[in-house]
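Below is one structure, written out as structure tokens; the observations come after it.
Values in this text are rule-based calculations from the coordinates and carry no lab data. Predicted, not measured: the structure shown is a model, and the values here were computed from it. Virtual Cβ from ideal backbone geometry, glycine too; neighbours counted across all protein chains shown.
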Amino acid sequence: MKTAATRTLLLLLTFAAVWFSNLEYRKLVNPDEGRYAEIPREMVASGDWLTPRLNDIKYFEKPALQYWATATAYTLFGEHQWTARLWSALTGFLGVFMVFFTGRRLFGVQAGMYAALVLGSSLLWVLIGHVNTLDMGVSFFLSAAVCAFALAQHDAADERSRTRWMLAAWAALALAVLSKGLIGLVLPGAALVLYILLERDWRLAGRLRPVAGVALLLALTLPWFIAVSRANPEFFHFFFIHEHFERFLTKAHGRYQAPYYFIPVLLAGMLPWTVILIDTLARAWNRQQQQRFQAQRFLLLWAGVVFLFFSASSSKLVSYILPMFPALALLIGVRLTQLSGRVLAWQVLPAALAGIALLALLPGIERYASREVPVELFRDYADWLIAAGLLQIAGAVAGAWLAWRGKTNTALILLAGSGVAFAQLALSGHESLSRANSAYYVVQKIQPELKPGMPFYSVNTYDQSLQFYLRRSTTMVVYKDELGFGIAQEPQKFIPDFAQFEQTWTKEREALALMSPDAYDMYRARSLPMRMVARDSRRIIVARHPAPSP
């Protein structure tokens, strides 16, 4: 027993070390990482944790929970790349343990362990767990609500535990709403209604503890929504109408993709478990005899609702279907307990094809180069991807061989380990592109020019990561994009045309400006008094004042 406990502890410590290893290594890249690092930075700097601001402009696209969490991390540990990513990494890490706990309660210890291995090594879960976006946080809380609901309805649950788990589910729904809005209610509600209709379990509605649950949900969510609406009357329409209904029904955000977009995303995102996923989905609807609550059917319905909802949406991003991954991991965990070693071997081996495909594509990596991202950066990245591809092949082949010999647990641990390492190598290698995708390096170049309170303009462009590394905001010129709504509320913080900027700039004694190459060429032709102080493949920064003394 002690040996088994020691091995489990070593496995957990190794997983934690690998999971959190590269949060600081990579520079924050545009757009999401810069945006969601800067909003909480401005909260800390201003002391206003009520009204989210991006580049000192009101920004109401999302609720404030992750901003508060990151601002708290900044306050406790300082403003770093790792603290900016900590919320995503922590919720992703805890999601793996949540799946283990739920799987153990619903389906047995072995199924729970296998589910944790699957989720903790699935490509998309690992990738999003290490990138500063809102998707991992909301996925964790949505999945926590689904897991708590399933535990509450489990046949073995007594009335006391059912109440406790249902209240936990309602609390998780509230935190999902505070993470990303109304999808925190719409998606679980749709899955629940579908389950009741298909199973004809009409009594289930009475077991939801709706009165206490709704009261808890409102107590957790309403204070911020009321307070931010009172401070900003324009918030309600923009957040609830524009950001929910118009985003779903229209192509206003420029993220339209074909309805089948998420099929390849799901298949690639579940690597190295893709073939096992297909086998699992073919059997997950089977009724579990002598069980009133059909947990596997509910999990399958939940995953299906997430997939179909976002497939129907006119706004699609790869990470949107992430909330279905914990449920799929639980279903795969159950299926893995049923597979013989030789069947498992044949389902594991095709994961090697992902590594082979990656290696086959790398000789043509130069075709992805552009003026903004030079070819030499992609060549540096290719070295990391070669290592990742070889590791994926080795892990799949060795896992299949071990499974064939009947060493199922070792095979699955090895396959999961190679999956985590594959994703982490691909992530770490992406740092090779950061000179083009992050403002970190150009900010280092202009440090001798920076002075406290010096005017800084963003002319016909906006770099999401610039403000975080500057530790200050900039004045927008001409360019609006996602800041357009906030600019309309506070137009005095915006310069609407080039002529007005030229007048303002000429009157400054000293100032800095980030310019697009087109704006720079235009102003150079007009002999605007400026001096280039830094340039990279995307950005040009100019100064109004003379060169600093040696």
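What to note about this one:
- Cα-based Rg of the range 84-205 normalised by 2.2 N^0.38 Å, two decimals: 1.09
- Ranking of T72, T91 by neighbouring Cβ atoms within 10 Å, starting from the fewest: T72, T91.
- Each of K451, K58 was scored by other Cβ atoms within 10 Å of its Cβ. Listed from fewest to most, they are K451, K58.
- Among the listed pairs K27/K480; K445/K480; K62/K316; K445/K507, those beyond 23 Å (Cα-Cα): K27/K480; K445/K480; K445/K507
- Summing +1 for each Lys or Arg and -1 for each Asp or Glu among the other residues whose beta-carbon sits under 15 angstrom from that of L412 gives +4.
- Across the range 270-282, rounded Karplus estimates of 3J(HN,Hα) from the backbone phi angles (6.51 cos²θ - 1.76 cosθ + 1.60, θ = phi - 60°) give 8, 3, x, 10, 4, 5, 5, 4, 4, 4, 5, 4, 6 Hz, Gly and Pro being marked x.
- Shown in residue order for the range 99-112 are the 3J(HN,Hα) couplings computed by the Karplus curve 6.51 cos²θ - 1.76 cosθ + 1.60 at θ = phi - 60°: 5, 4, 4, 5, x, 5, 5, 8, 10, x, 4, 5, 5, x Hz (x for Gly and Pro).
- For the range 440-543, share of DSSP beta bridges that run antiparallel, in % to the nearest 5: 45
- Rg over Rh for the range 1-107 works out to 1.11, using Cα positions for both radii and the Kirkwood form for Rh.
- Rg followed by Dmax, in Å, when the range 359-437 is reduced to its Cα trace: 15.7, 53
- Within-13-Å neighbourhood charge of A111 [Cβ basis; K, R +1; D, E -1]: +3
- Sites listed here are trypsin sites (Lys or Arg not before Pro) in the range 407-476 whose DSSP assignment is loop and whose Cβ has at most 15 other Cβ atoms within 10 Å: K407, R471.
- Evaluated with a Cβ-only charge set (Lys, Arg +1; Asp, Glu -1), the range 440-543 carries a dipole of roughly 360 debye about its Cα centre, given to the nearest 20.
- The range 450-472 versus the range 8-53: alpha-carbon centroid distance in Å: 20
- For T475, the residues 5 or more places off, or on other chains, whose built amide H falls under 5 Å of its own are F456, Y457, S458.
- Part-to-part distance (alpha-carbon centres) for the range 334-389 and the range 74-97, which is given in Å: 27
- Exposure proxy for T3, T461: other Cβ atoms within 10 Å of each Cβ, ordered fewest to most, give T3, T461.
- Counting Lys and Arg as +1 and Asp and Glu as -1 over every other residue whose Cβ lies under 14 Å from the Cβ of F494, the net charge comes to -1.
- Net lengthening on full extension, E376/I196 (0.36 nm per residue, minus Cα-Cα): 59.2 nm
- Helix-only mean residue ellipticity at 222 nm for the chain, each DSSP H run of n ≥ 4 adding -39500 (n - 2.57), per residue, nearest 500: -19000 deg cm²/dmol
- For the chain, a Kirkwood radius taken over Cα pairs fed into Stokes-Einstein (4 °C, viscosity 1.567 mPa s) yields D = 51 µm²/s.
- In loop segments of the range 338-447 as defined by DSSP, there are no GluC sites (Glu not before Pro) with at most 10 further C-beta atoms inside 10 Å of their C-beta.
- Scaled against 2.2 N^0.38 Å for its residue count N, the alpha carbon radius of gyration of the range 440-543 is 1.01.
- Cleavage-rule hits (trypsin sites (Lys or Arg not before Pro)) in the range 267-320: DSSP loop, at most 15 neighbouring Cβ within 10 angstrom: R283, R287, R292
- Spin-label model distance (nm) - E159 vs A488, 7 Å beyond Cα toward Cβ: 5.4
- Long-range HN-HN contacts of I540 with modeled amide H, under 5 Å: M515
- Couplings for the range 291-299, taken from phi via the Karplus curve 6.51 cos²θ - 1.76 cosθ + 1.60 with θ = phi - 60°, read 10, 5, 8, 8, 4, 5, 5, 5, 4 Hz in order; Gly and Pro are left as x.
- Taken about its Cα centre, the chain carries a charge dipole of roughly 1220 debye when the Cβ of each Lys and Arg holds +1 and the Cβ of each Asp and Glu holds -1.
- Partner aspartates and glutamates for K493 [C-alpha distance under 12 Å; skip if fewer than 8 residues away on the same chain]: D56
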